[in-house]
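Beneath this line is the structure, given in structure tokens, with notes to follow.
The values are calculated or read from the model by the stated rules, or taken from the named source; none is laboratory data. For clarity, every value in this text was computed on a predicted model and none was experimentally measured. Counting neighbours? That spans all protein chains shown, and the Cβs are built from the backbone with ideal geometry, glycine included.
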């Protein structure tokens with residue numbers, strides 16, 4: 001090999017069109033520098049040019065090490081995604097400086113190269129894209145861009161950027177104290193994509209930008225998962241989303257006799273199945289799960305069965321746009337902290353606070369708006385154009401648009417009390433005046449808790465639900481004692497009960513003795529028979545809830561019925577009382593048998609259109625108000641005065 005001068009070698013490396021072995025270059029450069037210095041006499045007398053060559057040598061040695069390390073990472077497939085993004089950003093900046101954006105776009109968008117692995121890809125790199133600059137860095141840059149393009153096509157989940165509500169859910173779901181998390185989102189928010197990316201970051205390589213939590217890095221539970229949804233949703237949304245976000249070539253799906261792909265196995269040891277909500281709940285048993293994803297309206301028995309499947313520890317992920325019909329009331333109890341303070345853990349059977357290990361995120365479609373959406377932690381907003389959201393809002397009915405854009409838990413389409421508004425009808429409890437008029441409604445049951453409600457009528461003939469009771473009793477004596485305790489501070493002017501209270505099978509401890517008879521004869525608590533006209537009774541509640549407002553939300557005419565915020569069960573039942581089909585194939589609707597334990601006694605009171613009147617011919621007594629606090633005066637009417645005040 002002929003010896004080259006440092007100048008020749010530097011010129012060669014500057015115009016190289018292929019990879020240069022820097023070690024060989026340095027070995028060749030050192031003798032040349034040494035010979036030059038010897039000829040000059042002493043190294044410290046080297047010319048400025050020779051000193052510059054030595055400095056370049058030192059710089060090239062350091063640069064060479066970094067360059068080799070970077071090349072080795074590119075040639076592998078395990079370069080961290082964060083570092084790859086950094087490298088690609090560097091390349092973009094360099095290309096901006098070279099004013100060659102179009103060339104990079106050609107690389108990133110080119111679809112003609114189809115290879116199975118990087119080694120085959122790199123064989124094509126040296127002969128492809130000849131229009132790019134051919135300096136030494138460009139060779140590495142092309143490989144970086146190719147790897148970036150491959151990952152975008154084959155590992156799309158690495159590029160996922162959540163909007164603010166989804167990022168909030170991802171962060172809270174990673175909390176080791178959380179067992180079950182749910183997101184109800186308007187259309188277009190991206191809850192299905194978010195769920196798929198949660199699964200990907202648990203099952204495959206982890207993205208530290210948004211999923212840099214221990215749960216996603218080191219999932220501590222069994223590598224067995226299940227996805228459940230409606231069959232149509234599975235075919236049209238779930239499976240296409242899996243194929244879009246899961247890394248290509250890293251998993252296998254099989255139908256196993258189903259009309260859709262119902263089995264998934266990954267190369268990281270995860271096994272999962274996809275089941276429909278139409279399947280019998282027994283089919284959800286007998287398998288221990290580490291992760292369960294329930295999409296849209298999951299029936300509570302299926303959810304409970306799946307919760308049991310995580311008995312060895314696991315996570316429950318729920319996504320929904322609208323929770324339909326009566327399922328909303330059952331499922332909301334697991335999440336709505338302000339309305340449902342407790343729930344019974346199906347595993348332990350213990351009564352637990354909702355906030356202990358469940359959480360709910362409600363996301364409106366506007367949060368995914370590219371113009372107005374709330375930015376996430378990186379300052380990035382949504383992906384939907386505002387005009388598309390507006391078009392979505394204008395299509396269909398106002399109620400349907402509200403459901404699909406707000407992601408709220410209550411479906412308005414078959415609600416009976418659609419006018420109910422917590423901001424209008426729910427008020428802070430206040431102490432009842434001394435000469436108050438209160439009515440009591442009673443709905444007894446054999447197998448369900450008894451329902452009692454107390455309605456206060458003020459001097460303007462407005463109605464206030466001031467007390468409620470929904471619990472089972474061990475005998476009529478216990479029921480009577482509780483009624484007496486609850487009625488301290490109330491002047492009871494009438495009591496109305498469901499006609500079934502006079503049936504002998506309701507709390508009947510003796511043959512031919514009904515609960516109404518026992519309450520009256522043994523405890524002095526007298527009820528009168530109420531109506532059986534359910535539709536008319538419900539209409540009376542609708543009328544009492546009715547109010548009008550202008551376009552700015554100002555109340556023009558106030559409702560007649562209000563509810564104390566302490567009466568949480570009454571509020572819940574009014575919100576979720578619905579029309580339901582008489583049978584699966586029927587076009588006729590009837591009142592739901594669920595969420596009516598307090599609705600029925602309230603309707604029986606309001607259908608009588610009670611009015612406030614001051615009472616005469618009464619006896620008075622002192623009492624201690626245990627319901628609202630303090631000591632007040634109460635007036636108890638004589639029996640014969642009941643009918644006169646209604």
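Do any residues in segment 443-458 that are outside the structural domain of residue 573 (by TED's automatic domain parsing) and under 13 Å from residue 570 (Cβ atoms) have Cβ atoms under 8 Å from those of residues that are modelled with pLDDT of 85 or more and surrounded by 24 or more Cβ atoms within 10 Å (Cβ to Cβ), where the two are at least six apart or on different chains, and which pairs are they? Filtered contacts from segment 443-458: no entries. Scan segment 554-571 for residues that are surrounded by 19 or more Cβ atoms within 10 Å (Cβ to Cβ) and in a helix (DSSP H, G or I) and the total you get is 3. Just a yes or no: is a residue in segment 534-548 at pLDDT 90 or above, under 21 Å from residue 436 (Cα atoms) and touching a helix residue (DSSP H, G or I) at 6+ places or on another chain (Cβ under 9 Å)? The answer is yes, given that some residue of segment 534-548 is at pLDDT 90 or above, under 21 Å from residue 436 (Cα atoms) and touching a helix residue (DSSP H, G or I) at 6+ places or on another chain (Cβ under 9 Å).
Table: residues versus (1) more than 15 Å from residue 293 (Cα to Cα); (2) in contact (Cβ under 8 Å) with a residue 40 or more places away in the chain; (3) in the same structural domain as residue 290 (by TED's automatic domain parsing).
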| site | (1), (2), (3) |
| --- | --- |
| 216 | yes, yes, yes |
| 222 | no, yes, yes |
| 234 | no, yes, yes |
| 265 | yes, no, yes |
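Looking only at segment 180-209, residues that are outside any helix (DSSP H, G or I), at negative phi and out of contact with any strand residue (DSSP E or B) (no Cβ under 6 Å at 6 or more places or on another chain) come to 8 in all.
Within segment 600-623, the only residue that satisfies the criterion of being on the phi > 0 side of the Ramachandran plot and modelled with pLDDT under 65 is 617.
Summed over segment 472-486, residues that are touching a strand residue (DSSP E or B) at 6+ places or on another chain (Cβ under 9 Å) and either over 22 Å from residue 513 (Cβ atoms) or outside the structural domain of residue 545 (by TED's automatic domain parsing) (or both) total 1.
All conditions in (1) within 30 Å of residue 547 (Cα to Cα); (2) in contact with a helix residue (DSSP H, G or I) (Cβ under 7 Å, 6 or more places away or on another chain); (3) surrounded by 21 or more Cβ atoms within 10 Å (Cβ to Cβ) hold for residue 531, with the sole exception of (3). For segment 280-289, the criterion of being in the same structural domain as residue 237 (by TED's automatic domain parsing), touching a residue at least 24 places away in the same chain (Cβ under 8 Å) and within 17 Å of residue 179 (Cα to Cα) is satisfied by at least one residue. Which one of 298, 271, 242 is more than 22 Å from residue 156 (Cβ to Cβ) and modelled with pLDDT of 95 or more? Residue meeting the stated conditions: 271.
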